[in-house]
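Read the structure below first, then the notes.
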Amino acid sequence: MATRDFSISNFMARVDNLGGPAKRHKFSVEVHPPPSMKSSVTADTINFLVKTASFPAKALATTEYRYGGKFSLVVPYETTYEPVSIGFMNTADQSPRIFWNDWFNHIQNMTTYNMQYYEKFVGTVELHQYLDEDESIDPSNASYSVTLFEAYPKGMSAIEVGWENADLQDFEIDMQYSWWEASGESTTSGQLG
């Protein structure tokens, strides 16, 4: 094992051996809505308007196992997934907002209030991270990619407007999903057998 100390040069050398520090500013998002969804706006015309995104979190739901009243042990029983937040810059023709409203209306018809079948309203979302030296957006060259499976919009934030504010409009979409997979990670490494 290499000698470890508190020097900055040693720390940076070790970070460089792992590819260097990851930066937040070079990423892309690809939204793939369900094939049955109809919209006047296609996802590929608004994907570039994503200004923020978060890679998904993962947690274990736990329960308390008690043995003979003497001690307890907290043990996991399933993996849980929190929604992923994606921030969009809005445009004057409201294209991003129209696209997401169409997806919400595809999930629940606002005339009949009937809900669509689950498999008919889910799509996928791909999040890609690029190295600092990358100059083009090419998902096949991404340094890290995450795919959200069976994804659908769970919430859309409001857009506040006001006479005193000339800032650009933006809004957040919370995407729910069934599971996610990341490039370079094994999904079977923890399986028994």
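Restricting attention to segment 129-152, the residues that are at pLDDT below 95 and part of a strand (DSSP E or B) total 2. Does segment 105-112 contain any residue that is open to solvent by less than 70 Å² (accessible area, probe 1.4 Å) and among the polar types (S, T, N, Q)? The answer is yes; a qualifying residue exists. Would you be able to tell me the number of residues in segment 93-120 that are of a type in the set (Phe, Trp, Tyr) and closer than 23 Å to residue 46 by Cβ? So the count comes out to 4.
Entry remark, segment 121-139: residues being of a type in the set (A, V, I, L, M, F, W, C) and open to solvent by less than 50 Å² (accessible area, probe 1.4 Å) number 4 in total.
Report, by residue number, each residue of segment 23-33 that is in a loop (DSSP other than H, G, I, E, B) and open to solvent by 60 Å² or more (accessible area, probe 1.4 Å). Lay out the reasoning, then the answer.
Keep residues of segment 23-33 that are in a loop (DSSP other than H, G, I, E, B), which gives 23-26, 33.
Selection gives 23, 24, 25.
Residue pairs whose Cβ atoms lie under 8 Å apart, separated by 6 or more positions or on different chains, with the first residue in segment 131-156 and more than 21 Å from residue 87 (Cα to Cα) and the second of a type outside the set (A, V, I, L, M, F, W, C) and part of a strand (DSSP E or B), are 143/129. Residues that are over 18 Å from residue 55 (Cα atoms), among the small types (Gly, Ala, Ser) and part of a loop (DSSP other than H, G, I, E, B) are absent from segment 169-184 altogether. Against the conditions (1) touching a strand residue (DSSP E or B) at 6+ places or on another chain (Cβ under 8 Å); (2) within 25 Å of residue 117 (Cβ to Cβ), residue 40 satisfies every one except (1). Looking at 69, 87, 20, just one residue is in contact (Cβ under 8 Å) with a residue 24 or more places away in the chain, out of contact with any helix residue (DSSP H, G or I) (no Cβ under 8 Å at 6 or more places or on another chain) and either open to solvent by 50 Å² or more (accessible area, probe 1.4 Å) or assigned to a strand (DSSP E or B) (or both), and that residue is 87. Of 156, 175, all but one fail to be crowded, with 16+ Cβ neighbours inside 10 Å and over 11 Å from the mean Cα position of the chain (by Cα); the exception is 156.
The values are calculated or read from the model by the stated rules, or taken from the named source; none is laboratory data. Worth saying up front: this structure is predicted, and the values here are computed from it rather than measured. Cβ coordinates were reconstructed from backbone atoms using ideal geometry, including for glycine residues, and neighbour counts include every protein chain displayed. Please note that ligands, DNA and RNA were not included when accessible areas were found on the heavy atoms of the full protein model with its side chains. Shrake-Rupley method; radii C 1.70, N 1.55, O 1.52, S 1.80 Å.
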